[in-house]
Amino acid sequence: MSTDTTDQIPGPGPGNPVPDFRAPARVLLAAPRGYCAGVDRAIEIVEVALQTYGPPVYVRKQIVHNHHVVRRLEELGAVFVEELGEVPQGATVVFSAHGVAPSVHAEARERHLRVIDATCPLVTKVHQEARKFAAQGYDIVLIGHEGHEEVAGTMGQAAAAIHLVSDEDEAGRVRIPDPRRVAYLTQTTLSVDETVGVVDRLRERFPALAGPRSDDICYATQNRQAAVKALAADCELILVIGSDNSSNSQRLVEVARGLGCQSHLIPDAAALDPSWFEGVATVGVTSGASAPEWLVADLVEALRERGAREVREVPVVPEDVHFALPRTLQQDARGQDAQRGG
């Protein structure tokens, strides 16, 4: 049912030319990079909803944090809104991959909206853990970034029980009524190294600290960071393609810089700065989990046109994860296909 055509979209046009520079001779491509299963599913949900129900299909917040993806879906008939008050009663609305609080679902019911929930299943798992710990009487320390949509959705699962911390200093100051009844959860897109330090600090203060059955940092975050670490050993510069509001893309830059490698986040090839390439013999290229592959292809083509002679992929971790579409959407899409076929 997928209608994903992002790989066919042309790169920067005349209004956004790629600057002139002399590219390094060698380009290394991180593998894996780009779309994760949760992002791929969320984008496909919007595409299939548009095919099945017809435009407009409203989307609360950005479906994923990438401006190019949002713009393409707008061209197909998606309408992005900040809050449900902007959605006409009875309309179809998609909730983004980052998840929402229960209060948002309640508001949607009050407005008689047809809801399609594109929350990443790995984020849903964190929501379930939050509700479980709260029901068992635990205070929950959520490791994440204030203001991020995923954090807002998770905190809404058990607002009275959750305490947000973003680093080791805040973990050292957080106040918990009963140190024997405290658990932790994490935003899925954080740096593995960053999270380990915060959890260690919490364990020092709360020896009885409980946690999820498995690490909440998603497989895609871990794999893409592992790929960046592999590139950093052979590159003087690593370029990360992604939007500036993409947490996982920002973390990739931080991982590279933490290993002493120059790194920059760019939305597309037009954002390149020629000065970055001075003294660089090998450049690494990767992309955040919400960045389409055609952006990587555009960047590689720009590097080839400017002198890169060797372009090689560096495989680190294989990925074969796939998340199914919501059952109701699948059923409605099959029904629509049957009607067209009949």
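Once R0 is set to 30 Å, what does the formula 1/(1 + (r/R0)^6) return for the Cβ-Cβ distance between Gln89 and Gln336, expressed as a FRET efficiency to the nearest 0.05?
On the way: r = 23 Å, r/R0 = 0.77.
Using R0 = 30 Å, I get an efficiency of 0.85.
If contacts are Cα pairs under 8 angstrom and at least 6 residues apart, what is the relative contact order of the chain in percent? Write out the running numbers ahead of the final one.
Details: 663 pairs, mean separation 94.9, N = 342.
Dividing the mean separation by the residue count of the chain yields 28 percent.
Hey, any idea what Rg/Rh is for the stretch 19-82, computing Rh the Kirkwood way over Cα pairs? Could the numbers behind the result be given before it?
Numbers: Rg = 16.1 Å, Rh = 13.8 Å.
Value, to two decimals: 1.16.
Can you check how the C-alpha radius of gyration of the chain compares to 2.2 N^0.38 Å, as a plain ratio? Each step should come with its number before you reach the end.
Numbers: Rg = 21.4 Å, N = 342, 2.2 N^0.38 = 20.2 Å.
The reported ratio for this selection is 1.06.
Considering the stretch 113-266, what Rg and Dmax in Å follow from its alpha-carbon atoms?
Answer for the stretch 113-266, Rg first and Dmax second: 16.5, 52 Å.
Limiting things to C-alpha atoms, what are the Rg and the maximum Cα-Cα separation (Dmax) for the stretch 242-302, in angstroms?
Cα only, the stretch 242-302: 11.4, 30 Å (Rg, Dmax).
Below 8 Å between Cα atoms, with a sequence gap of 6+, how large is the relative contact order for the stretch 22-78 in percent? Don't jump to the answer; show the numbers that get you there.
Details: 28 pairs, mean separation 19.5, N = 57.
Relative contact order comes out at 34 percent.
Apply the Debye scattering formula to the stretch 243-342, with a single equal point scatterer on each alpha-carbon and no solvent, then give log10 I(q)/I(0) at q = 0.11, 0.12, 0.17 Å⁻¹.
-0.52, -0.58, -0.90
Would you please classify the overall shape of the stretch 121-202 from the alpha carbon gyration tensor, given that a ≥ b ≥ c denote the square roots of the eigenvalues, rounded means a/c under 1.5, and beyond that prolate means a/b larger than b/c while oblate covers the rest? Kindly include the intermediate steps, with their values, before the conclusion.
On the way: a/c = 1.60, a/b = 1.03, b/c = 1.56.
Taking the square roots of the gyration eigenvalues as a ≥ b ≥ c, the stretch 121-202 is oblate.
For the ranges 194-203, 318-327, what's the packing order if you count other beta-carbon atoms within 10 Å of each residue, average per peptide, and put the highest first? Mind showing how you got there, number by number?
Details: 194-203: 17.3, 318-327: 12.4.
Packing order, densest peptide first, comes out as 194-203, 318-327.
Working from the alpha-carbon coordinates of the stretch 285-332, get Rg over Rh, Rh being the Kirkwood radius.
On the way: Rg = 16.7 Å, Rh = 14.1 Å.
Radius of gyration over Kirkwood radius for the stretch 285-332 works out to 1.19.
Would you mind checking the stretch 123-151 for residues with the amide N under 14 Å from a putative spin-label position 7 Å along Cα→C-beta of Ala160?
134-140
Just order 223-230, 235-242, 259-266 by mean Cβ neighbour count inside 10 Å, highest at the front, would you?
On the way: 223-230: 22.4, 235-242: 25.2, 259-266: 17.4.
Listed from highest to lowest mean packing, they are 235-242, 223-230, 259-266.
Pick out which of Ala37, Ala269, Ala159 has the largest mean-square fluctuation in a Gaussian network model of the chain, springs linking Cα atoms closer than 10 Å.
Ala159
By average Cβ neighbour count within 10 Å, what is the ranking of 109-122, 297-310 from highest down? Present the calculation step by step, with values, prior to reporting the outcome.
Details: 109-122: 17.9, 297-310: 16.4.
The densest-packed peptide leads the list: 109-122, 297-310.
Can you give the calculated 222 nm mean residue ellipticity of the chain, where each DSSP H run of n ≥ 4 adds -39,500 (n - 2.57) and the sum is split over every residue, rounded to the nearest 500 deg cm²/dmol?
Working: 11 runs with 132 residues, N = 342.
Rounded to the nearest 500, it is -12000 deg cm²/dmol.
Quantify, in whole percent, the carbon and sulfur part of the accessible surface of the chain (1.4 Å probe; protein heavy atoms only). Mind showing how you got there, number by number?
Numbers: 7130 of 15120 Å².
Carbon-and-sulfur percentage of accessible area, whole number: 47.
Less than 19 Å apart at the alpha-carbon level, and either on another chain or at least 8 residues along: which aspartates and glutamates does that give for Lys229?
Once the sequence-local aspartates and glutamates are set aside, what remains near Lys229 is Asp193, Glu194, Glu254, Glu313, Glu319.
Amide H of Thr186 versus every other amide H placed in the peptide plane: which residues, excluding those fewer than 5 positions away on the same chain, fall under 5 Å?
Amide H to amide H, under 5 Å and 5 or more residues apart or across chains, Thr186 pairs with Ile143, Asp216.
Of Val296, Ser247, Cys235, which is farthest on the positive side of the dipole of the stretch 226-309, counting Cα position, with +1 on Lys and Arg Cβ, -1 on Asp and Glu Cβ, and the Cα centre as origin?
Cys235
Using Cα-Cα distances under 8 Å and only pairs 6 or more residues apart, what relative contact order does the stretch 107-261 have, in percent?
Computed value for the stretch 107-261: 20 percent relative contact order.
Pull out the extension gain between Arg257 and Val317, defined as 0.36 nm times the separation in residues minus the alpha carbon to alpha carbon distance; nm, one decimal.
Numbers: separation 60, 0.36 × 60 = 21.60 nm, distance 2.11 nm.
So the extension gain works out to 19.5 nm.
With a/c under 1.5 counting as rounded, go ahead and sort the stretch 50-100 into rounded, prolate or oblate using the C-alpha gyration tensor (a ≥ b ≥ c being the square roots of the eigenvalues; past the cut-off, prolate if a/b is larger than b/c, else oblate).
Details: a/c = 1.76, a/b = 1.11, b/c = 1.58.
Verdict is oblate for the stretch 50-100.
List the residues whose amide H sits under 5 Å from the amide H of Val59, counting only those 5 or more places along or on another chain, with H placed 1.01 Å from N in the peptide plane.
Excluding prolines and chain starts, which carry no amide H, the hits are Val79, Phe80, Val81, Val94.
In square angstrom, what is the accessible area per residue of the chain with a 1.4 angstrom probe?
Values: 15120 Å² over 342 residues.
Heavy-atom accessible area per residue stands at 44 Å².
The values are calculated or read from the model by the stated rules, or taken from the named source; none is laboratory data. Please read all numbers here as calculations on a predicted model, not as lab measurements. Note that each Cβ is placed from the backbone with ideal geometry, even for glycine, and that neighbours are counted across all protein chains shown. All accessible areas refer to the heavy atoms of the entire protein, side chains included, with ligands and DNA or RNA removed. Shrake-Rupley method; radii C 1.70, N 1.55, O 1.52, S 1.80 Å.
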